[in-house]
1. With r defined as the distance between the Cβ atoms of T63 and N83 and R0 fixed at 35 Å, what FRET efficiency is calculated, to the nearest 0.05?
2. With the dipole of the stretch 18-98 worked out from charges on the C-beta (+1 for Lys and Arg, -1 for Asp and Glu) around the Cα centre, which of F71, V42, T27 lies farthest toward the positive end?
3. Quick one: what are the phi-derived ³J(HN,Hα) couplings along the stretch 42-55, Karplus 6.51/-1.76/1.60 with θ = phi - 60°, whole Hz, x for glycine and proline?
4. So how many Lys-Lys pairs in the stretch 32-89 land under 29 Å Cα to Cα, not counting same-chain pairs under 8 apart?
Amino acid sequence: MKSEINEDNLSIDMKPFAQQLQGATDTDYFYFFCPDCKNSQVTRILDYEIKEDSPDNPYNEQTKSKAARGFTILFHLFCEKCNYKGKVKVSNLGFRLVS
Ligand SMILES: [Zn+2]
């Protein structure tokens, strides 16, 4: 299966921080941990933006599963403990992270 990671879409200031931003689920909710705190400090999501919302999904042509739509949602993260501020995108159109 083709990887969802599309590094061609990453600009210079949109460096992936796979080693820095991690998260976990609790029941059916997903939480982002602060990349600066080392004790699994959960960040607050202060806001979100719908960056892309399309009735089509280009990956449907390449995969056996069919997404109902194509979307990208950007979350504004904040750590109450250390004041970290960051943004992360969740998308089924590609894999992009910004800080
Ligand atoms: Zn923190």
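1. Numbers: r = 40 Å, r/R0 = 1.15.
So, using R0 = 35 Å, E works out to roughly 0.30.
2. V42
3. 7, 8, 8, 9, 7, 6, 9, 9, 7, 8, 9, 8, 10, x
4. Step by step, the pairs that qualify in the stretch 32-89 add up to 14.
All of the numbers you see were taken from the coordinates with simple rules; none came from a lab. Quantities reported herein were computed from a predicted structural model and do not represent experimental measurements. We place every Cβ from the backbone using ideal geometry, glycine too, and count neighbours over all the protein chains shown.
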